[in-house]
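Got a structure for you, questions after.
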Amino acid sequence: MRILHINTEKGWRGGERQVLFLMSGLQQKGVKNLLVCKKDSAIAAAAKAASLQTKQLALNGLFDLGSYWRLLRLVKSMPFDLIHAHTPKAQTFVVIASLFGKVPAVICTKRTVFRIKNSFFTRYKYKTAIIRHYIAISSAVARQIQSVTSTPVTVIPSAIDLQQYLPASNSTANITIGYAGALSHEKGPDLFIKAAAIISKKIPDARFIMYGEGREYEPLMALRQSLQLENKLELAGFQTNILEKLAKLNVLLYPSREEGLGSTILDAFALKIPVVATYVGGIPDLISHHKNGLLAASDDAEGLAAHTISLLENSQLHECIVAQAYNTVQGYDIATMVEKTHALYEQIINKT
């Protein structure tokens, strides 16, 4: 089996980690993989470090005909059984390339619940016959795909490497509440800061730290100043050793406005860090309220703060949620994700 994977992201987020998990697992099963990615992208460097075969292409934009020519030339150079498009732009590149030359069967993974545009091309992109199957990382993502196409959809959640987690080391004198994610509106970093202001009034010794980078950095710094949190809340930027950082938290606050699933929640579960999150997108696939986590409504900073305070003040609730969350995460291991994806590949290839 030979699979061409395409990822068009320049930076590094949860989706890129999942691509490498999948390719590494498939490689162990004897699958031949090639990753097409942008030149000097974060995933290119990470794939090289993981000894995964890559081809860095100049995918310069949707109106650059050379991008499609380069992709088609690569497709023709090897007998690929299947193309796996891991990003929306990767899907677009493959669909447009197919108008100029023959491509193998295509499978697309969708990780977000961003609104699907109602344009002619978007409708065509989702319904074209070259796409044989979609993978959705949550039931919410699956419902969104099914609203625009009758192409089959299978839910295969994101996964984590359960072997790499060490016990949490959150035994510092100060309570530390953390955020981990892009500093972008849909992730709700402003809600984290607003919740922090509420929590700090109830728990003055609490400290807050935000891991991630993005376009909202300057507005968030201004919000921190306006709420007088300069000495209590740190924007620490992108971290390569994020699991070590998460392990030092007392609570992970995950205030997304839109979320495909939330693999960082799985990281926290595995580290035995309790999670307070929002009831949006695919998060309810992972968290059952008051069982393995606490959920607030979208855009509800007061609710997020109240749940966080209750976790910190109620040790019995804390212990119960942590234990059930740890049991939950055992079903999200890499081997299961790889096996389900490999079985889907075989199903599609056998029908081609």
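Give me the residue from the range 170-228 that is assigned to a loop (DSSP other than H, G, I, E, B) and farther than 23 Å from THR264 by Cα and, out of that set, least open to solvent (accessible area, probe 1.4 Å).
Across the range 170-228, the extreme among qualifying residues is ILE203.
Inside the range 273-303, can you point out the residues that are among the acidic types (Asp, Glu) and either assigned to a loop (DSSP other than H, G, I, E, B) or open to solvent by less than 20 Å² (accessible area, probe 1.4 Å) (or both)?
ASP299, ASP300, listed by residue number.
Let me ask something else about it. Using beta carbons and a limit of 8 Å, which pairs, at least six apart or on different chains, have the first residue in the range 131-154 and without any contact (Cβ under 8 Å) to a residue 12 or more places away in the chain and the second one open to solvent by 30 Å² or more (accessible area, probe 1.4 Å) and not in a helix (DSSP H, G or I)?
Listed pairs, sorted by first residue: GLN146/VAL153.
Here's something else I'd like to know. Among the residues of the range 304-324, what is the count of those that are over 30 Å from ILE156 (Cβ atoms), among the polar types (S, T, N, Q) and either assigned to a helix (DSSP H, G or I) or under 21 Å from the mean Cα position of the chain (by Cα) (or both)?
The qualifying residues number 4.
Select from the range 93-130 the residues that are surrounded by 20 or more Cβ atoms within 10 Å (Cβ to Cβ), under 20 Å from LEU65 (Cα atoms) and among the polar types (S, T, N, Q) and list them in ascending order.
SER98
Here's something else I'd like to know. Return yes or no: is LEU252 of a type outside the set (Asp, Glu), within 26 Å of ALA236 (Cα to Cα), part of a helix (DSSP H, G or I) and under 21 Å from the mean Cα position of the chain (by Cα)?
No: the conditions fail for LEU252.
Does GLU258 fit the bill of being within 18 Å of the chain's Cα centre (by Cα) and either open to solvent by 30 Å² or more (accessible area, probe 1.4 Å) or in contact (Cβ under 8 Å) with a residue 60 or more places away in the chain (or both)?
Against the criterion (within 18 Å of the chain's Cα centre (by Cα) and either open to solvent by 30 Å² or more (accessible area, probe 1.4 Å) or in contact (Cβ under 8 Å) with a residue 60 or more places away in the chain (or both)), GLU258 qualifies.
The values are calculated or read from the model by the stated rules, or taken from the named source; none is laboratory data. Predicted, not measured: the structure shown is a model, and the values here were computed from it. Here the Cβ is made from the backbone with ideal geometry for all residues, glycine too, and neighbour counts use every protein chain on show. When the accessible area is computed, the model is the full protein with side chains, heavy atoms only, and any ligands, DNA or RNA have been set aside. Shrake-Rupley method; radii C 1.70, N 1.55, O 1.52, S 1.80 Å.
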